[in-house]
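As structure tokens, the structure follows; a few thoughts come after it.
The values are calculated or read from the model by the stated rules, or taken from the named source; none is laboratory data. Since this is a predicted model, take the numbers as computed values, not measurements. Positions of Cβ are generated from backbone atoms using ideal geometry, with glycine treated the same way; all protein chains shown enter the neighbour counts.
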């Protein structure tokens, strides 16, 4: 898996919308107190990407080609939301979304404050359309074998109703309203992958990195059972993965078969191979 879009600014290719990590002027962010070294790190990487393009090479494509040469399936990793310390949207940093700074109504506030955070609010239809368009452009430009949506870093989707420390919670009433929004949005991405799979003559993978249990995922807030029954059967016959417990996933997905494999942190995660329609 290659991290290809890490929240809004770290888009590692030149987009039609002008978003391009390689072209950010990182030096201007070094004029801070205390001083930082954005240009020495991120800026150097951006200059290397521009040098590769001048030579007719695209960084993501180089990695894709290298994986193909070794017979390795390659997915595009998409980090769906991110924050390091719940920083405000007003923070002068290349890590803070330029898109959200232009469209602050698409970022959410925590309860009790009217200050926007750097977190995207997926309740906003325009935000979902914007993120979907970036995924469309990524798949149009690069011949990946699929994508993984990373919902774990950071596991905020909507403005919470209450907050306890770094954690936010929504009410049951809002959960019932909001969870189907993301289920439908994920299913639309599955349909998009199926369309590209037909054009390229292959089954494309949809991976979702989610919290470890349905109970945690419910607080996330997205319904694991509704998501699984809508997004997996009939369309994710191969390669879609879930970190739900093995005993739970087949029941939720009504799968004919599943096999488990160890994940990187030593847990056991099911790999859904074939699902029947509900």
Residue 143, sole failed condition from (1) outside any helix (DSSP H, G or I); (2) out of contact with any helix residue (DSSP H, G or I) (no Cβ under 7 Å at 6 or more places or on another chain); (3) touching a residue at least 60 places away in the same chain (Cβ under 8 Å): (2)
Odd one out for residue 14 among (1) exposed (fewer than 14 other Cβ atoms within 10 Å of the Cβ); (2) under 24 Å from the mean Cα position of the chain (by Cα); (3) free of Cβ contacts under 8 Å to residues at least 60 places away in the same chain; (4) part of a loop (DSSP other than H, G, I, E, B): (1)
From 173, 136, residue being out of contact with any strand residue (DSSP E or B) (no Cβ under 9 Å at 6 or more places or on another chain), farther than 25 Å from residue 194 by Cα and not in a strand (DSSP E or B): 173
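Yes or no, residue by residue, for (1) in a helix (DSSP H, G or I); (2) on the phi > 0 side of the Ramachandran plot; (3) crowded, with 17+ Cβ neighbours inside 10 Å; (4) within 16 Å of the chain's Cα centre (by Cα):
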{"position": "22", "(1), (2), (3), (4)": "yes, no, yes, no"}
{"position": "39", "(1), (2), (3), (4)": "yes, no, yes, no"}
{"position": "50", "(1), (2), (3), (4)": "yes, no, no, no"}
{"position": "53", "(1), (2), (3), (4)": "yes, no, no, no"}
{"position": "74", "(1), (2), (3), (4)": "no, no, yes, yes"}
{"position": "93", "(1), (2), (3), (4)": "no, no, no, no"}
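Condition check ((1) modelled with pLDDT of 90 or more; (2) within 14 Å of residue 157 (Cα to Cα); (3) within 19 Å of the chain's Cα centre (by Cα)) across all residues:
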| site | (1), (2), (3) |
| --- | --- |
| 179 | no, yes, yes |
| 193 | yes, no, yes |
| 200 | yes, no, no |
| 203 | yes, no, no |
| 212 | no, no, yes |
Test: residue 163 is over 18 Å from residue 10 (Cβ atoms), modelled with pLDDT of 95 or more and either outside any loop (DSSP other than H, G, I, E, B) or out of contact with any helix residue (DSSP H, G or I) (no Cβ under 8 Å at 6 or more places or on another chain) (or both): no
Complete set of residues in the range 113-151 that are surrounded by fewer than 17 Cβ atoms within 10 Å (Cβ to Cβ) and within 16 Å of residue 183 (Cα to Cα): 125, 129, 132
Pairs where the first residue, in the range 35-58, is touching a residue at least 40 places away in the same chain (Cβ under 8 Å) and the second is buried (at least 17 other Cβ atoms within 10 Å of the Cβ), C-beta under 7 Å, 6+ apart: 38/26; 38/29; 38/94; 42/26; 42/94; 58/13
